[in-house]
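A.B. asks: Quick one: this structure, given as structure tokens, is what I'll be asking you about.
Each value in this text was obtained by applying a stated rule to the coordinates, not by laboratory testing. Small disclaimer: the values here were computed from a predicted structure and weren't measured. Here the Cβ positions follow ideal geometry from the backbone for every residue, glycine too, while neighbour counts run over all protein chains shown.
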Amino acid sequence: MLRKNFSLTLFAVALLSLSAVVASAQTGALRGHVKFKQADGTVVPAVGAIVDVVRLDLSGKYEGKTDKRGEFVWAGLPYTGDYIIGVSMAKAQPSYQGNVKVGRDVDYEIEMSPGDGHRLTVDELKQFAKGGGPAGSAAKGGGESAADKAKREELLKKNAEISEKNKKIEEANAVLGRTFKAGNAALMADNYDEAIKQYDEGLAADPEQPGLWTNKSRALKARGVKRYNSVINLKDDSKTAGLEAARADFKAAVEAINKAVELMKAEPAATDPAEQTRRTNNKLAALDTRAESYRLFVTKADQSQADAGLAAYEEYIAAEPDAAKKTKAQMTAAQMLLEAGAGDKAFTEFQKILTLKPDDPDANLGAGLALYSTGDKVKFQQAANYLQHFVDTAPDGRKDKDDIKAVLAELKNTENVVPEKTPARRRRP
């Protein structure tokens, strides 16, 4: 490739040299000067301004700079042809001059004013030229029409807006990188206040960042657990305040992770396999975090959100490819409903586990307690059956076996409910 480009370059030089010999009698000079009108109104030479001369009838561009007097000059440019001159300089608004001819002994004068330092492209200059007439500051040979001025000012305005937008994006990216790193370091160090502070700063720069929302949710959830555990055994008034602070964290954690999942779902589909994998993993992690956040929110703060918590678990379970993790999440969702006082719904979730694992001790225990918690005496017999099956299958070391035996005794004494014998299961040959 390098050899090919080098050969093409040599060919171009040779062609230009040959053209210069043939058309040496048809060249001329182009000169002008650039002034810079400062913010206070004073006009000074634009020293070191970039001057781009673009030929319009054929493909051609010549680049140079103004000298210490703000002047520029080219000798030996093709006499025939139409040209446009563009000038740019740091901290200046670019300008241009149209209707330019070579060898007419014209000193083209172009004036610039303070601006963003944007350099006009060849396409932009050609677009200006299509409007007809010179542009920028007035120059010998004519003035700028109102229509041309409007077009130029509109294009320059758009360029300024694009530059400003790009600048803001760069600044936001710098903030995002710094706060994400600092927030993660604080989260790993269990400094939840600092982690949340860093994530909030990043989200202020760009609120459309699902990764920041996810990690903020994790920090809020962890801080809520810490606050809850630190006051749960207290007896004074500080317990109430501590529990309220923990509940506020659990609620905020749910709100943050819901925002993260919402943003992830709104992302356009990725075509790159690596990017697809990254997004899938990030979304799965966010769904896991959302389910756990809802569990804490429902069981420790607001039991009325049990249905929303169940929906969060169902979405995570559907996305989770690991069978063991699916079962664990199913059990946790059922336990959440049981703690929230939704006995009938909890029983339905425990039944999903028992369909696959009928001898699972925890699922039998949960199903029995779920039915018992409803207070519906019609369901006490079925509850006793599940509880007895738990006693029969649970390891002897479990402390809750004695508690369940006491519940079964209470059912027998007060409700005359005795567990039915479970038919012996045939072993597979």
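A.B. asks: Helix 323-339 versus the longest principal axis of the chain: what angle, 0 to 90°, nearest 10, using Cα atoms?
C.D. replies: Taking Cα atoms only, the helix is inclined about 70 degrees.
A.B. asks: Using the 10 angstrom Cβ neighbour count as an exposure proxy, how do Ser59, Ser293, Ser230 rank, fewest first? Intermediate results must be reported in sequence, preceding the final value.
C.D. replies: Numbers: Ser59 8, Ser293 27, Ser230 14.
Neighbour counts put them in this order, fewest first: Ser59, Ser230, Ser293.
A.B. asks: Sort Thr42, Thr332, Thr66 so the one with the fewest other Cβ atoms within 10 Å of its own Cβ comes first. All intermediate terms of the calculation are to be shown ahead of the outcome.
C.D. replies: Details: Thr42 8, Thr332 17, Thr66 24.
The order, fewest Cβ neighbours first, is Thr42, Thr332, Thr66.
A.B. asks: Rounded to the nearest 5, what is the percent of antiparallel bridges among the DSSP beta bridges in the chain? Provide the component values of the computation, followed by the final result.
C.D. replies: Numbers: 28 of 34 bridges.
Looking only at bridges with both residues in the chain, the antiparallel portion is about 80 percent.
A.B. asks: Moving on to the next point. How big is the shadow of the Cα convex hull of the range 179-319, averaged over all directions, in nm²? Walk me through the numbers on the way to the answer.
C.D. replies: Values: hull surface 37.3 nm².
The directionally averaged projection comes out at 9.3 nm².
A.B. asks: Contour minus end-to-end for Lys325 and Arg69, with contour as 0.36 nm per residue of separation and end-to-end as the Cα-Cα distance? Walk me through the numbers on the way to the answer.
C.D. replies: Working: separation 256, 0.36 × 256 = 92.16 nm, distance 7.57 nm.
The Lys325-Arg69 span can extend by a further 84.6 nm.
A.B. asks: Could you list which residues have their amide H under 5 Å from that of Gly28, counting only those 5 or more apart in sequence or on another chain, with H placed in the peptide plane?
C.D. replies: Result for Gly28 returns Gly76, Leu77, Tyr79.
A.B. asks: Please compare each pair in Lys235/Lys377; Lys65/Lys181; Lys221/Lys325 to a cut-off of 32 Å on the Cα-Cα distance and tell me which ones are over it. The partial results should precede the final answer.
C.D. replies: Values: Lys235/Lys377 36 Å; Lys65/Lys181 44 Å; Lys221/Lys325 20 Å.
Check vs 32 Å cut-off fails for Lys235/Lys377; Lys65/Lys181.
A.B. asks: Same structure, new question: Quick one: angle between helix 361-373 and the longest Cα principal axis of the chain, in degrees between 0 and 90, rounded to 10, please.
C.D. replies: Once rounded, one gets 80 degrees.
A.B. asks: Can you tally the net charge around Pro321? Count Lys and Arg as +1, Asp and Glu as -1, for every other residue whose Cβ sits under 13 Å from the Cβ of Pro321. Provide the component values of the computation, followed by the final result.
C.D. replies: Working: positive: Lys283, Lys325, Lys326; negative: Asp288, Glu320, Asp322.
Net charge in that neighbourhood comes out at 0.
A.B. asks: Only one of the listed values, (i) 30.6; (ii) 38.9; (iii) 20.5, was derived from the coordinates as mean projected area of the Cα convex hull in nm²; which label is it?
C.D. replies: Correct label is (ii).
A.B. asks: Right, something else. Starting from the 7 Å offset along Cα-to-Cβ, what nm value, one decimal, do you get for the label separation of Lys197 and Ala269?
C.D. replies: 4.5
A.B. asks: Still on this structure: Which value in deg cm²/dmol, rounded to the nearest 500, describes the helix-derived mean residue ellipticity at 222 nm for the chain, given -39,500 (n - 2.57) per DSSP H run of n ≥ 4 and division by the residue count? Walk me through the numbers on the way to the answer.
C.D. replies: Details: 13 runs with 254 residues, N = 429.
Helices in the chain give a 222 nm mean residue ellipticity of -20500 deg cm²/dmol.
A.B. asks: Cut-off is 10 Å between beta-carbons; in what order do Met331, Met188 appear when sorted fewest neighbours first?
C.D. replies: On the way: Met331 18, Met188 9.
Fewest-to-most Cβ neighbours within 10 Å comes out as Met188, Met331.
A.B. asks: Assuming R0 = 45 Å, can you tell me the calculated FRET efficiency for the pair His118 and Glu314, based on Cβ-Cβ distance, to the nearest 0.05?
C.D. replies: Values: r = 53 Å, r/R0 = 1.18.
Between His118 and Glu314 the formula returns 0.25.
A.B. asks: Then there is this: Can you give me the distance in nm between label points at Ser304 and Val175, each placed 7 Å from the Cα along the Cα-to-Cβ direction?
C.D. replies: Each label point is offset 7 Å from its Cα along the Cβ direction, giving 3.6 nm.
A.B. asks: Okay, next question. Taking 30 Å as R0, compute the FRET efficiency from the Cβ-Cβ separation of Ala189 and Lys239 and round it to 0.05.
C.D. replies: Working: r = 27 Å, r/R0 = 0.91.
According to the calculation, E is roughly 0.65.
A.B. asks: State the extension gain, in nm to one decimal, for the chain segment bounded by Leu56 and Ala406, taking 0.36 nm per residue of separation less the distance between their alpha-carbons.
C.D. replies: So the extension gain works out to 116.3 nm.
A.B. asks: Based solely on C-alpha atoms, express the radius of gyration and the Dmax of the range 342-429 in angstrom.
C.D. replies: For the range 342-429, the Cα-based Rg and Dmax read 12.8, 43 Å.
A.B. asks: If you keep only loop residues by DSSP, which trypsin sites (Lys or Arg not before Pro) in the range 364-407 have at most 15 other Cβ atoms within 10 Å of their Cβ?
C.D. replies: Details: sites: Lys377, Lys379, Arg398, Lys399, Lys401, Lys405; in loops: Arg398, Lys399.
Answer in residue order: Arg398, Lys399.
A.B. asks: Next up: Could you please report the charge total around Val51, scoring K, R as +1 and D, E as -1 over all other residues with beta-carbon less than 12 angstrom from its beta-carbon? Walk me through the intermediate numbers first.
C.D. replies: On the way: positive: Arg31, Lys61, Lys65, Arg119; negative: Asp52, Glu63, Asp67, Glu71.
Net local charge, Val51 excluded: 0.
A.B. asks: Net charge near Gly366: determine it from the other residues with C-beta under 10 Å of the C-beta of Gly366, scoring Lys and Arg +1 and Asp and Glu -1. Provide the component values of the computation, followed by the final result.
C.D. replies: Values: positive: none; negative: Glu349, Asp360, Asp362.
Net charge around Gly366: -3.
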